[in-house]
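Some notes on the structure that comes next.
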Amino acid sequence: MKKSLAHRQLGIAFMAVAMALSVAGCRNSSKIAHDRSETPQQSGKTAAECVEVSRCETLIANFECTVDDITVNGQLRMRRDSVIWVSLNKFIELGRAKLTRDSIFVYAKIASRYFEGTYSDLEKVAGITTDFESLQELFLGEKEFVRKNWVIADFGDWRQTIEVMDDGSMVKNKNYPYRANIMVRSKLYSGTATVIYNKVSMNRPTTYPYSVSSVARKYEVKK
C-alpha cells in the first residue's frame, strides 16, 4: 500500500516537474545553430565567415534540474508551432512529456503511470491555466521575466556562443540564458526549481519519441 502511494506521488510529481521545465526554455536570445536549408543568403559565403541567425525553429537543450532538494538531468526538444518534448533521467530515464498544440502526454516511467489529455484537463488536475501558444512564447524568448497565474520565472547567466557547422562555416548565436529560476504554485505541486543548461543547439534535425508501456496505468481526470 505504501509503495503504491509512493509511486502515485512520484508520478504526479513528474507531471509537475515536466510542466515546470516547460517554462525554462529558449529565452529572448533566439540563439540559433542553423540548419543550412533554413538560413537565407548563404551563397558566396566563405567557410570562415560567421553568419548570425535570429529565428528559432527547433531547439535541443541538455540540462540539470534541481527541484527542492532533488537533482535530475534531462533533455528538452521543441519545434516551433508543433511540439515541446522533455525527458528526465537519474541513471535511468524517469519519464518524459510531449506537448502538442492541443494535447499533453506525460509518462512517469519509474512509477508506471501516464497522463494523456488536453490543456483543459491539465487545468482540472493541476489548476494550471495555459495553452501551447503561451508555453511556446516562453520557449522562444519574448520576455526576460515571466509571471503567470501559476509560475514565476527569471533567467540569468546569459551567454553568446558560436557553433561550427559540418561544412566548416560558423553560426553566431545571440545571448541565451543558461540558468532559470522557477517558482511553481499549483494544486499538484508547489515549490522551486533551478535549471542549468550545459548544451544548447538550435535548428538541427531531431525527433520527439513517445511511447507508454502496456502495463502502465492511466491517470484518470475526474470530470
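The values are calculated or read from the model by the stated rules, or taken from the named source; none is laboratory data. Everything numeric in this text was worked out from a predicted model, so none of it was measured. Note: ideal-geometry Cβ built from the backbone for every residue, glycine included; neighbour counts use all protein chains shown.
Go through the range 157-182 and report how many residues are surrounded by fewer than 16 Cβ atoms within 10 Å (Cβ to Cβ) and either farther than 16 Å from Ser54 by Cβ or touching a Leu at 6+ places or on another chain (Cβ under 7 Å) (or both). So the count comes out to 7. Counting only strands (runs of 3 or more DSSP E) that sit wholly inside the range 89-140, those with at least 2 residues that are within 19 Å of Gly74 (Cβ to Cβ) and out of contact with any helix residue (DSSP H, G or I) (no Cβ under 8 Å at 6 or more places or on another chain) are 104-108. Residues that are touching a residue at least 40 places away in the same chain (Cβ under 8 Å), surrounded by 14 or more Cβ atoms within 10 Å (Cβ to Cβ) and in a strand (DSSP E or B) within the range 183-202 comprise Val184, Gly191, Ala193, Thr194, Val195, Ile196, Tyr197, Val200, Ser201, Met202, listed in sequence order. Of all the listed residues (Pro205, Pro209), the sole one being under 15 Å from Leu59 (Cβ atoms), assigned to a loop (DSSP other than H, G, I, E, B) and not small (Gly, Ala, Ser) is Pro205. Out of the residues in the range 54-79 that are small (Gly, Ala, Ser) and crowded, with 18+ Cβ neighbours inside 10 Å, which is nearest to Glu133 (Cα to Cα)? Step by step, filter the range 54-79, then rank; the result is Ala61. For the range 167-216, the set of residues classified as more than 28 Å from Thr130 (Cβ to Cβ) and touching a Lys or Arg at 6+ places or on another chain (Cβ under 8 Å) consists of Asp167, Ser169, listed by residue number. If you go through the range 158-186 and keep only what is among the charged types (D, E, K, R) and at pLDDT below 75, you end up with Lys172, Lys174.
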